[in-house]
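What follows is a short report on a single structure.
Every number here is computed from the coordinates shown, using simple stated rules; none is lab data. Since the structure is predicted, the reported quantities are computational estimates derived from the model, not experimental observations. Positions of Cβ are backbone-derived with ideal geometry, glycine not excepted, and every protein chain shown enters the neighbour counts.
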Amino acid sequence: MMKQRYLLLLFVMILSTICFFYFSTNSVNAKIKKIDRYDEAIKVEQEKLNSAKVINDQLQGVSKVITQSMTNDKEFAIDDINAFVKKLADLADKYKISIDAIYPKVVSSDKSYLVEQEYTLSVVCTFIQMGQFLSELESFDHIIKLTTLDVRPVKEDKTETFDEIIETRYKVTFELSVFMIIKEA
């Protein structure tokens, strides 16, 4: 009889232990799944936050350009025109691009809220130099519209040997407009 009670007690203890481990394992697995769901939700929200930060930075850049492009004048000041021409020349010099011509054109704008200044820039460069130039031009703190991009091969000098002609050079003409926004009174 005593032996049966000990066996019954042992059986109950083993059953209790099995039940304890079974339910605790289920509980731990459920909590792990819940933590995984939270991790996934956090990851999605973190990606949204990072995207929002990138968009915010880009919008701040656009805001800066617009703020710097505000004016009360109805036309560009000569100093502004000369400063922009110098920036273009410095940029071309940075990438070792030879300038054939660079000159501003007077433009009358139909829009009462914009002041436009057009520039024509003629250079001799390779495609790589042109790409670098355009990439940096895009990062200027001005509202710039590239109106025309004309690319023509440069006539080769027949006296040069093949070794001297390493890269094909092109005559590139840029017509671009710079805009200023007239502030409302």
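Which value, in Å to one decimal place, does the Kirkwood hydrodynamic radius take for segment 29-124 when every pair of different Cα atoms is included? Before the final figure, lay out the partial values.
On the way: mean 1/r = 0.0551 Å⁻¹.
Hydrodynamic radius (Kirkwood, Cα pairs) of segment 29-124 is 18.1 Å.
Grab the Cα-Cα distance for L7 and E138, subtract it from 0.36 nm times how many residues apart they are, and report the gain in nm with one decimal. Each step should come with its number before you reach the end.
On the way: separation 131, 0.36 × 131 = 47.16 nm, distance 8.58 nm.
The L7-E138 span can extend by a further 38.6 nm.
Principal axis lengths of segment 1-68 from Cα atoms, whole Å, largest first?
Extents along the principal axes, in whole Å: 98, 10, 6.
Count the lysine pairs in segment 71-182 whose Cα atoms lie under 23 Å apart, taking only pairs 8 or more positions apart in sequence or on different chains.
The number of close lysine pairs in segment 71-182 is 24.
At 0.36 nm per residue, minus the direct Cα-Cα distance, what do D150 and I128 gain on full extension? Give it in nm, one decimal, please.
Extending this stretch completely gives an extra 6.4 nm.
Order these by the 10 Å Cβ neighbour count, fewest first: L91, L8.
Ranking L91, L8 by Cβ neighbours within 10 Å, fewest first, gives L8, L91.
Residue by residue through segment 66-71, which ³J(HN,Hα) values in whole Hz follow from phi under the Karplus form 6.51 cos²θ - 1.76 cosθ + 1.60 (θ = phi - 60°), with glycine and proline marked x?
Karplus values, whole Hz, x for Gly and Pro: 5, 4, 6, 9, 7, 8.
Between E47 and I102, what is the label-to-label distance in nm when each label sits 7 Å out along the Cα-to-Cβ direction?
My value for the distance between the label points is 4.5 nm.
Place a point 7 Å from Cα of E167 in the direction of its Cβ. Which residues in segment 86-117 have their backbone N less than 18 Å from it?
89-100
Sort F11, F140, F84 so that the residue with the fewest other Cβ atoms within 10 Å of its own Cβ comes first and the one with the most comes last.
Ranking F11, F140, F84 by Cβ neighbours within 10 Å, fewest first, gives F11, F140, F84.
What does the convex hull of the Cα atoms come to per residue for the chain, in Å³?
Values: hull volume 45.2 nm³, N = 185.
Enclosed volume per residue, from the Cα hull, is 244 Å³.
Evaluate the relative contact order of the chain (contact order divided by residue number), counting alpha-carbon pairs under 8 angstrom at least 6 apart; express in whole percent.
Once divided by the residue count of the chain, the mean separation gives 23 percent.
Spelling out what I want: for every residue of segment 140-151, take phi, set θ = phi - 60°, compute 6.51 cos²θ - 1.76 cosθ + 1.60 (Karplus), and round to whole Hz; glycine and proline get x.
4, 8, 9, 8, 10, 10, 7, 7, 9, 9, 10, 10
Gap in Å between the Cα centre of segment 87-102 and the Cα centre of segment 1-76?
53
Mind checking the angle between helix 78-94 and the chain's longest principal axis? C-alpha axes, 0 to 90 degrees, to the nearest 10.
Result, in degrees: 70.
Expressed as an acute angle from 0 to 90° and rounded to the nearest 10, what is the orientation of the C-alpha long axis of helix 127-138 relative to the principal long axis of the chain?
The helix 127-138 is inclined about 80 degrees to the chain.
Using each residue's phi in segment 17-23, evaluate 6.51 cos²θ - 1.76 cosθ + 1.60 at θ = phi - 60° and report the 3J(HN,Hα) Karplus result to the nearest Hz, with x for Gly and Pro.
5, 4, 4, 4, 5, 4, 5
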